1. Over the chain, one equal point on each Cα, no solvent: what is log10 I(q)/I(0) by the Debye formula at q = 0.13 Å⁻¹?
2. Evaluate the distance, in nm, between pseudo-label points positioned 7 Å from the Cα of residue 223 and of residue 275 along their respective Cα→Cβ axes.
3. For residue 74, what is the net charge nearby, where nearby means another residue's Cβ is under 13 Å from its Cβ and Lys, Arg count +1, Asp, Glu -1?
4. Using 7 Å Cα-to-Cβ label points, what is the residue 203/residue 95 separation (nm, one decimal)?
5. So if I take the centroid of the Cα atoms in region 164-180 and the same for region 70-84, what is the distance between those two points in Å?
6. Can you give the charge dipole size of the chain about its Cα centre, rounded to the nearest 20 debye, using +1 on the beta carbon of Lys and Arg and -1 on the beta carbon of Asp and Glu?
7. Would you mind checking the tilt of helix 83-96 against the longest principal axis of the Cα atoms of the chain, expressed as 0 to 90 degrees and rounded to 10?
8. Measure nothing fancy, just the Cα-based angle from helix 251-260's long axis to the longest principal axis of the chain, in degrees from 0 to 90, nearest 10.
Amino acid sequence: MSSNPDALLGPAEVRELAAVLGVRPTKQRGQNFVIDANTVRRIVRTADVRPDDVVVEVGPGLGSLTLALLEAAAHVTAVEIDDVLASALPATVTARLPERADRFALVHSDAMQVTELPGPPPTALVANLPYNVAVPVLLHMLEHFPTIERTLVMVQAEVADRLAAPPGSKVYGVPSVKANWYAEVKRAGSIGRTVFWPAPNVDSGLVALTRRAEPPKTTADRREVFAVVDAAFAQRRKTLRAALAGWAGSAAAAETALVAAGVSPQARGESLTVEEFARIAEHKPELAEHKAEPKESE
């Protein structure tokens, strides 16, 4: 893939860059820098980055993955919150890939606050997400950038398992359901600890998401569906009749909504698909009453 193997960062280059910048990876921001060029090549390959792709990367750090993405994509926009890293990255790109520097843009911001990006709309999200904010950032990007068709993120292995878990799995939960609202989700590989500096105490995993052509068909909106999901898993050991009592107004109202949705009141959240959660949302008491009200004739 690479026309210039020297463009990518290896362990010596990463540490040298960090020393020049006075950067030490911080646990507070969940920073672990990739120091292995073969790993970033593998990520780009697994992400199926194409020559016409516009890629958004969150948390580029020193630029290990950024450079590999720039070699493969039409354009890369990196979103970085850290002041020092954000100020240094454009110079790194210009120094190591000068012929593609005009295809790079930097957004110096918290990814959770970003709702628009410069340049053409992104078609892919590829990122080594900071461990402590991986799920919120992923869901935020999928919500606000509907043009993202394909996503590949590297996250803590445990988080990867949760995101890709099917209904009925012990680790199936809020991240699994919400990610599945937007996309088909699957595990796409494992990453060892030695490719990072500093080496984390946990393994990492790759998760691939392919956006659905459209969200599950429902008369409820996304926020209404997600409210049911949050309520169901807030007390995941309880039956849905009990867990959704607060959401519905009472256990009896929850049971009525569940029965109307064709879901057993004795079921638990981990057994339900995203489509079933959507059906329950449609039958929230005030929503159901509103739908039942006769419309005034025009």
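The values are calculated or read from the model by the stated rules, or taken from the named source; none is laboratory data. What you are looking at is a predicted structure, and each value in this text was computed from that prediction instead of being measured. Every residue, glycine among them, receives a Cβ derived from its backbone with ideal geometry; neighbour counts consider all protein chains shown. Side chains included, ligands, DNA and RNA excluded: accessible areas come from the protein's heavy atoms. Shrake-Rupley method; radii C 1.70, N 1.55, O 1.52, S 1.80 Å.
1. Debye intensities relative to I(0), on a log10 scale: -0.88.
2. Roughly 2.7 nm, to one decimal.
3. -1
4. Taking the simple label geometry, residue 203 and residue 95 are separated by 3.5 nm.
5. Comparing the Cα centres of region 164-180 and region 70-84, I get a distance of 30 Å.
6. 1020 debye
7. The angle comes out near 50 degrees.
8. The two axes meet at around 80 degrees.
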